[in-house]
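Below: one structure, written as C-alpha cells.
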Amino acid sequence: MRYSQLLIPTVKEVPAEAEIPSHQLMIRAGFIRKLASGTYTYLPLGWRCLLKIIQIVREEMNAAGAQEILMPILQPMELWQQTGRDVDYGQTMCRFQDRHGRENALAPTAEEVVTSLVAGEVSSYKQLPINLYQIHDKFRDEFRPRFGVLRSREFIMKDAYSFHADAASLEETYRRMYEAYCRIFTRAGLKYVTVEADSGPIGGSASHEFVVPCAAGEDVIVHTEDFSYAANIEKADVDPPAGTDTREQGTTGNAVLPMEEVHTPGVGSIEAVCAFLNAKPAEMIKTLIYWRPDLDIVAQLNEAKEKISQLEFQLKHEKFTLEGAIEDVERGYQTDVFAEAADVSTHERELEELKWEVGSLYRKITFVIAVTRGDHEVNIAKASRVAGGHIEMAFPDMIEWLTGAAVGFAGPVDASKRLLGKVIEGPRGMKVKFQEKGLVLIDPSVPTMPSGVTGANKTDYHVRNVVPGRDFPLAGDNVVVADIRNAVEGDTHQGRKLLFSRGIEVGHVFKLGTKYSEKLGATFLDEQGRRLPCIMGCYGIGINRILASAIEIGHDENGCILPAGIAPFEVEIVPLNCDKPAVMDEARRIYDELRAAGIDVLIDDRDARPGVKFKDADLLGIPLRVVVGEKSLKDGNVEIKRRTEPKPTLVSAASAVQKTQDILAQMRNELAPKQRC
Ligand code: ATP
Ligand code: MG
C-alpha cells in the first residue's frame, strides 16, 4: 500500500496522558486515538495489526477444533441473575435499562449466553465435546482504565467455551487450548510465561494465565529463577516457615511472661502500634475480620438502621415535647402528659426491639477471622479457598459488633470462642447464641512466632507477650492453620527461592466445572440415560493487549519494533528521492515484485525529506526496510535493514527482492511455534 494514501498521523511529541511506552508509541505511530476514558479508535495501521492478531488466533483456534460463532454483546440481565454474577461483577458491568424497562448488560464476558445456547441445543453425550468461540467486543467499566488499550473499557476478546461429558474430555480440550495459546503467542512474537492462577469470580477448579513479563504489567508473578514454578501472586504457594522464628524479640514480648494489656489510645494500624511501642511489624500478630458477603443481610441491616435513626430522631422530639408538657403541668396548664409519656415509652420499646433486630442480623453473618504476622498481607483469594467460599472484608459496624472494640483493636485471643459463643442479649432478658460457626484462619508463620503484640478486642488497648498456642488455640473445631498470605521476598516454594516480576496477562484458560451448566440447565443424557450437567472450560485472550504488550517489550527510543507476524506491514520500502524517476522506478519494481510474491509491503511514496521518512519508519516499527537512494542506486545498490539492527546492509538492487524474501522467511521461521510448548 502507498503511504501517501493512508491515514498515518504520526506525532513527534510524547503525549502527556500516556504513562508507558506502548501507550505513547501507539499514539505517536498513529495506531490509535482516544475517544473517551478507556475507549479508542484504531486507525488503519493499528487495525491492520489487530486483524493480523485476529487471523493468528482464528487459525490456531480452528486448528485446535474450536468452532467460531458470534454472540450478541447485548445480554439480558435475567441470565446473569440466574448465576448470581450480576452481583459478582458489580460496577465493572456496563448496565442499562431499555425502553421497555428491561435490564441489560453489555457483555463483560459470555459464559451465561453460551451456556444458555448449549442448554437449548445439546441434549446427548453424542453431541459432546463442543468448543465454541468468538472474537468480539467486550465492555468492562474498569475502576481505573489505564495504559491505553492495555486496560480499556471496551476491548476485543477471543472467548471460547467448551462443554464436556466427563472430566477427561475437559482435560483433553484444556490441554489443546493451552497448546493453541502457546502457538498463538509465539506466532505473535511475545515472550510469555504461563502461571498458575486463581479462578477469580468466574469460579472453577484450575486455571493458568499467559503473562508477558514487563515492568508495566499490573499482575505480580511469583516464580523460581528458571520459571519452572510460576504463579500469580493470588495463587503462589509458599513453604511454611521451618522451626521457630528465632529473630530477636524487641519490646513486644516475652514468651515466658503472661499476657499483659497495654494502653494504646487511638493507635490502631500496624504502623502506628509499632511506632508507639517501638516494635517491628514482624513482631505483631495481625487480625483481620472478613465475612461471607450476603446482600440480603446488608439490605436488612440498612433498613433496620434507617428505621433506628428515624425513630431516634422522633424520640428526641417526643422527649422534648414531654419535658415541655411536664413544665406546662407544673405551671398549672391542662396537658395530656400521659399520652405524651405513652408515646415515648412505646417508641423506646420499639427502638430497643429494632436494636435487637440489628443484633440478631449480625448473628446470621458467617465471619472469618484471618490471623497473620504483622508484616504479611492476607491474600483474599487464598483465604477464600480455605474458607470454602468467597469472603470480603467485613464492614466496620460488623467488626465492632464481633470484637466489641473499635476497628484496629481486633485480636486472636478468644477469637474462636467469640465466634462459637457470641451471645447477644435481647429485650426482656432474651439471649441468643451465635448461629453460624465461622472460622479462624491462622497463617503457618504465626505459630512459629515465640510471642507477639496483638489487639485486645478492647478499644484503645493491645496485649503483649501473646504466645500462639498458649494464649489462643492453633487447632480446634473452627480453627484452621493454612497458607492465607501473599508471598514475600525471601519465601520459598518446595525449597526453591521465589522471585517477583511484573507482567501483563494476555490470556487465561480455566476449568470451570459445572457451575454454569447447573444453574442454566446445560445438561445431557449419558450412555445410561442419566441427565448430567456439562462440564465446562473457558478460554480468553485479549486481542488488543497482545499488540500493546508486543510494543511494551518491543521498542527503542525511536519507536516500535514489531514482530513480522503482527506488524501492520512486513516490509517498508523507502525511496529517498521521489522526484528522481530512476529511484521511484526501482522502488516500485521492488514493491511490485514483493507484492506479487505475497508479501505485505508499504511504500513511502510521500514527497518528504529522508529524515522525516526514516523517523516515521522507525516509529512504525515495520520489521524490514528497503531503502532506495539515488547515491547507492548509481552503484546498482539498495539498503536492507532489519528494524532491530543499527546499520543497513548494502545489497545489489537486482538481488533485493530475493534477499528481502530470505530475511522474511528467516523472521517467520523464528516465530514458528515449536512442536510442543
Ligand atoms: P485483569 O485481571 O487484567 O482485569 P481478567 O482476569 O479480568 O483481566 P479475563 O476475564 O480473564 O480478564 O479476560 C480474558 C482476557 O481479556 C484477559 O486475559 C486479558 O487479556 C483481556 N482483558 C481483560 N480485561 C481487559 C481490559 N480491561 N482491557 C483489555 N483487555 C482486557
Ligand atoms: Mg484473567
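Please determine, by comparing only the residues of the range 519-531 that are buried (at least 16 other Cβ atoms within 10 Å of the Cβ) and of a type outside the set (Gly, Ala, Ser), which one is farthest from Ala387 (Cα to Cα). Going through the qualifying residues, I end up with Phe524.
Put simply, of Val118, Val195, Val211, Val114 the only residue that is buried (at least 20 other Cβ atoms within 10 Å of the Cβ), modelled with pLDDT of 95 or more and within 15 Å of ligand 2 (Cβ to nearest atom) is Val211. If you check Pro108, Pro72 for being within 16 Å of ligand 2 (Cβ to nearest atom), in a loop (DSSP other than H, G, I, E, B), under 29 Å from Gly521 (Cβ atoms) and touching a residue at least 12 places away in the same chain (Cβ under 8 Å), only one passes: Pro108.
Can you name the residue in the range 354-394 that is assigned to a helix (DSSP H, G or I) and among the β-branched types (Val, Ile, Thr) and is also nearest to Asn232 (Cα to Cα) among such residues? Only one residue tops the list, namely Ile380.
Checking Arg349, Arg292 one by one, the residue that is surrounded by fewer than 13 Cβ atoms within 10 Å (Cβ to Cβ) and in contact (Cβ under 8 Å) with a residue 24 or more places away in the chain is Arg349 and no other. Residues in the range 609-635 that are aliphatic (A, V, I, L, M) and either touching a residue at least 24 places away in the same chain (Cβ under 8 Å) or touching a His at 6+ places or on another chain (Cβ under 6 Å) (or both): Ala617, Leu619, Leu620, Ile622, Leu624, Val626, Val627, Val628, Leu633. Restricting the range 173-200 to residues that are of a type outside the set (Lys, Arg) and assigned to a loop (DSSP other than H, G, I, E, B), the residue that is farthest from ligand 1 (Cβ to nearest atom) is Gly189. For the range 592-625, residues that are more than 20 Å from Ile566 (Cα to Cα) and surrounded by 15 or more Cβ atoms within 10 Å (Cβ to Cβ) total 7. Using the structure shown, decide if Glu312 is at pLDDT 90 or above and either more than 28 Å from Leu441 (Cβ to Cβ) or of a type in the set (A, V, I, L, M) (or both). So Glu312 passes the test. Here Leu525 meets each of (1) more than 17 Å from Ala29 (Cβ to Cβ); (2) touching a Gly at 6+ places or on another chain (Cβ under 8 Å); (3) away from ligand 1 (no atom under 16 Å from the Cβ); (4) not hydroxyl-bearing (Ser, Thr, Tyr) with one exception, condition (2). Which of the numbered conditions does Leu474 fail, given that it passes all the others? Conditions: (1) more than 30 Å from Ala168 (Cβ to Cβ); (2) touching a helix residue (DSSP H, G or I) at 6+ places or on another chain (Cβ under 8 Å); (3) among the hydrophobic types (A, V, I, L, M, F, W, C). Tallying (1) more than 30 Å from Ala168 (Cβ to Cβ); (2) touching a helix residue (DSSP H, G or I) at 6+ places or on another chain (Cβ under 8 Å); (3) among the hydrophobic types (A, V, I, L, M, F, W, C), Leu474 fails exactly one: (2). If you filter the range 138-172 down to residues that are assigned to a loop (DSSP other than H, G, I, E, B) and under 21 Å from Val211 (Cα atoms), you find that the one that is nearest to ligand 2 (Cβ to nearest atom) is Arg140. Scanning the range 507-560 for residues that are over 26 Å from Val149 (Cα atoms), of a type in the set (Ser, Thr, Tyr) and touching a helix residue (DSSP H, G or I) at 6+ places or on another chain (Cβ under 8 Å) yields Tyr516, Ser517, Thr523. Quick one: count up the residues across the range 239-265 that are within 17 Å of Asn278 (Cβ to Cβ) and modelled with pLDDT of 90 or more. Selection size over the range 239-265: 5.
Just one of Gly490, Gly513 is away from ligand 1 (no atom under 16 Å from the Cβ) and more than 21 Å from the chain's Cα centre (by Cα); which is it? The unique qualifying residue is Gly490.
The residues of the range 262-293 that are in a strand (DSSP E or B) and within 28 Å of Ile391 (Cα to Cα), listed by number, are Met284, Ile285, Lys286, Thr287, Leu288, Ile289, Tyr290, Trp291.
The residue of the range 529-556 that is farthest from Ala206 (Cα to Cα), among those that are among the charged types (D, E, K, R) and in contact with a strand residue (DSSP E or B) (Cβ under 6 Å, 6 or more places away or on another chain), is Arg531. Can you find a residue that is without any contact (Cβ under 8 Å) to a residue 24 or more places away in the chain, surrounded by 13 or more Cβ atoms within 10 Å (Cβ to Cβ) and part of a loop (DSSP other than H, G, I, E, B) anywhere in the range 15-22? Yes. Among residues that are within 25 Å of Phe31 (Cβ to Cβ) and more than 14 Å from ligand 1 (Cβ to nearest atom), Lys158 is not included.
Within the range 554-576, residues that are under 16 Å from Arg588 (Cβ atoms) sit with their Cβ atoms under 7 Å from residues that are of a type in the set (Gly, Ala, Ser), at 6+ positions apart or across chains, in these pairs: Glu572/Ala617; Ile573/Ala587; Val574/Ala617; Pro575/Ala587; Leu576/Gly629. Does Leu50 fit the bill of being more than 24 Å from the chain's Cα centre (by Cα), aliphatic (A, V, I, L, M), outside any strand (DSSP E or B) and under 22 Å from Ile553 (Cβ atoms)? No; evaluated as a whole, the condition is false for this residue.
Restricting attention to the range 466-507, the residues being acidic (Asp, Glu) and buried (at least 18 other Cβ atoms within 10 Å of the Cβ) number 4.
The values are calculated or read from the model by the stated rules, or taken from the named source; none is laboratory data. Fair warning: this is a prediction, and the values are worked out from it, not measured in the lab. Don't worry about glycine lacking a Cβ; one is built from the backbone with ideal geometry, like all the others, and counts go over all protein chains shown.
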